[in-house]
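A short write-up of the structure that comes next.
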Amino acid sequence: MKGMSRRSFIQGTAAAPVASLMASGSTVAAREPWARAGGPQFKISLNAYSFNRLLRAGEMTLDDLLEFCAEHDFMAVDPTAYYFPGYPDVPPDDYLYRIKKKAYLLGLDFSGTGIRNDFTRLDEAERNADRQLIRNWVECAARLGAPNLRVFAGREVPRDRWAEILPQVVAGLREAAEYGRQFGVMIALQNHAEYLKTADEVLEVLDRVDSDWLGMNLDIGSFRTPDPYDDIARVAPYAVTWQIKEELTLDGKLVKTDLHRVMQIIRDSGYRGYIPIETLGPEDPYQAVPAFLARVREAVAATVS
């Protein structure tokens, strides 16, 4: 690997598609975890999807979102690209710089931004369009001062076609990481219970892309395995940002997230950086977000000394 030794074989039960890759000579390995100095550090951010309905309906603007985050003492905000006016086109610089200045004056960072792409599509022209979308928003993230751009591997495919689709997913992500390198923007791959459902699948992709400009946006609510906490712990060393959600899927059922356990996993991984939170329920986000934020802060205080 590029200046890094391979990790020892990942222990645990592999998902069927990855197991088939292993049987053909592949190993579910990944590069060494990020080297971090100092102890763990947690900076709580808000993923804008918590206000998705209001933002989509035009009942809330990014200006409103920034003010909400400042009023509730978030350290940062993570606004997905489709909340910017004109998406998928990048807004003009005067808009970006006005929002950037407002966030700065409110004491807020941008912990990241993200787009919706799909490298599993068979149509090459569609995949090329997504490559261009990523390039456009990498440049936008750099101008905005967002340290990472969230991307996806792609939509769900039949499990018996997972390995067949893998090379084009890897090629798309490798190109994205290289473009991110050119602009100083990390590419944060989100596991989203679609193409990527398990830690083994995530680690297989990270290993094959083999770029130190690709890390994980670790979505704790999107592993589909008997014990998602185990998957979270195995992928945590490769996280560059997170999505902390109110619920996760345990044994096929949605259950309330054990936030103390999640924060301990993050602490044990040595992670330093933003931990964006996201609420998804039908409740009024003006009520749900502060309530969830209080739970997250309590869990952070209980696990970080």
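The values are calculated or read from the model by the stated rules, or taken from the named source; none is laboratory data. Owing to the predicted nature of the structure, the values given are computational and were not obtained by experimental measurement. Note: ideal-geometry Cβ built from the backbone for every residue, glycine included; neighbour counts use all protein chains shown.
Quick one: E204 ticks every box in (1) crowded, with 22+ Cβ neighbours inside 10 Å; (2) more than 19 Å from V300 (Cα to Cα); (3) within 16 Å of the chain's Cα centre (by Cα) bar one, so which box is it?
For E204, the exception is condition (3).
Being modelled with pLDDT of 85 or more, out of contact with any helix residue (DSSP H, G or I) (no Cβ under 6 Å at 6 or more places or on another chain) and either acidic (D, E) or under 30 Å from Y286 (Cα atoms) (or both) is the filter here; which residues of region 26-47 pass it?
Selection gives Q41, K43, I44, S45, N47.
Please pick out the residue among D219, D200, D231 that is at pLDDT 95 or above, under 22 Å from Y82 (Cα atoms) and among the acidic types (D, E).
Details: D200 fails: under 22 Å from Y82 (Cα atoms); D231 fails: under 22 Å from Y82 (Cα atoms).
On inspection, the qualifying residue turns out to be D219.
For region 275-284, check the following and say yes or no: at least one residue is in contact (Cβ under 8 Å) with a residue 24 or more places away in the chain, crowded, with 17+ Cβ neighbours inside 10 Å and part of a helix (DSSP H, G or I).
No, every residue in region 275-284 fails to be in contact (Cβ under 8 Å) with a residue 24 or more places away in the chain, crowded, with 17+ Cβ neighbours inside 10 Å and part of a helix (DSSP H, G or I).
Could you grab me the full set of residues in region 151-161 that are in a loop (DSSP other than H, G, I, E, B) and β-branched (V, I, T)? Reasoning before the result, please.
From region 151-161, those in a loop (DSSP other than H, G, I, E, B) are 153-158; that's our starting set.
Matches in region 151-161: V157 only.
Considering each residue of region 82-114, count those that are outside any helix (DSSP H, G or I) and surrounded by fewer than 17 Cβ atoms within 10 Å (Cβ to Cβ), and give that number.
Initial filter on region 82-114 (outside any helix (DSSP H, G or I)): 84-92, 106-114.
Filter once more, keeping what is surrounded by fewer than 17 Cβ atoms within 10 Å (Cβ to Cβ): 85-89, 92, 106-107.
The number of residues fulfilling the criteria is 8.
Working only within region 245-264, note down all residues that are surrounded by fewer than 21 Cβ atoms within 10 Å (Cβ to Cβ), of a type outside the set (G, A, S), outside any strand (DSSP E or B) and without any contact (Cβ under 8 Å) to a residue 40 or more places away in the chain.
Correct list: D251, D258, R261, Q264.
Determine which single condition D251 fails, assuming it passes every other condition in (1) modelled with pLDDT of 95 or more; (2) out of contact with any strand residue (DSSP E or B) (no Cβ under 6 Å at 6 or more places or on another chain).
Here D251 meets the rest and fails (1).
Yes/no per residue for (1) surrounded by fewer than 21 Cβ atoms within 10 Å (Cβ to Cβ); (2) assigned to a helix (DSSP H, G or I); (3) touching a helix residue (DSSP H, G or I) at 6+ places or on another chain (Cβ under 8 Å):
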position: E126; (1), (2), (3): yes, yes, no
position: R131; (1), (2), (3): yes, yes, yes
position: L149; (1), (2), (3): no, no, yes
position: L173; (1), (2), (3): no, yes, yes
position: G180; (1), (2), (3): no, yes, yes
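Just checking, does region 75-83 include any residue being over 29 Å from Y195 (Cβ atoms) and modelled with pLDDT of 95 or more?
At the first step, the residues of region 75-83 found to be over 29 Å from Y195 (Cβ atoms) are 75.
Imposing the further condition that a residue be modelled with pLDDT of 95 or more reduces the set to 75.
Yes, some residue in region 75-83 is over 29 Å from Y195 (Cβ atoms) and modelled with pLDDT of 95 or more.
Going residue by residue through region 162-180, is there one that turns out to be in contact (Cβ under 8 Å) with a residue 60 or more places away in the chain, in contact with a Pro (Cβ under 7 Å, 6 or more places away or on another chain) and more than 30 Å from F68 (Cβ to Cβ)?
yes
Restricting attention to region 161-176, and to residues there that are out of contact with any Gly (no Cβ under 9 Å at 6 or more places or on another chain) and of a type in the set (G, A, S), which single residue is farthest from D130 (Cα to Cα)?
Out of the qualifying residues, it is A163.
For region 55-81, how many residues are crowded, with 17+ Cβ neighbours inside 10 Å and farther than 15 Å from Y274 by Cα?
8
If the requirement is being in a helix (DSSP H, G or I), under 19 Å from L46 (Cα atoms) and touching a Phe, Trp or Tyr at 6+ places or on another chain (Cβ under 6 Å), which of these qualifies: V289, V300?
Details: V289 fails: touching a Phe, Trp or Tyr at 6+ places or on another chain (Cβ under 6 Å).
From the options V289, V300, the qualifying one is V300.
For region 220-233, enumerate the residues that are surrounded by fewer than 22 Cβ atoms within 10 Å (Cβ to Cβ) and touching a residue at least 24 places away in the same chain (Cβ under 8 Å).
Result: G221, S222, R224, T225, P226, Y229, D230, A233.
Scan region 189-244 residue by residue and report those that are of a type in the set (S, T, N, Q) and in a helix (DSSP H, G or I). So that I can check it myself, show each step before the final result.
Taking region 189-244 as the starting set, the residues that turn out to be of a type in the set (S, T, N, Q) are 190-191, 198, 211, 217, 222, 225, 241, 243.
Listed by number, the list is empty, since nothing qualifies.
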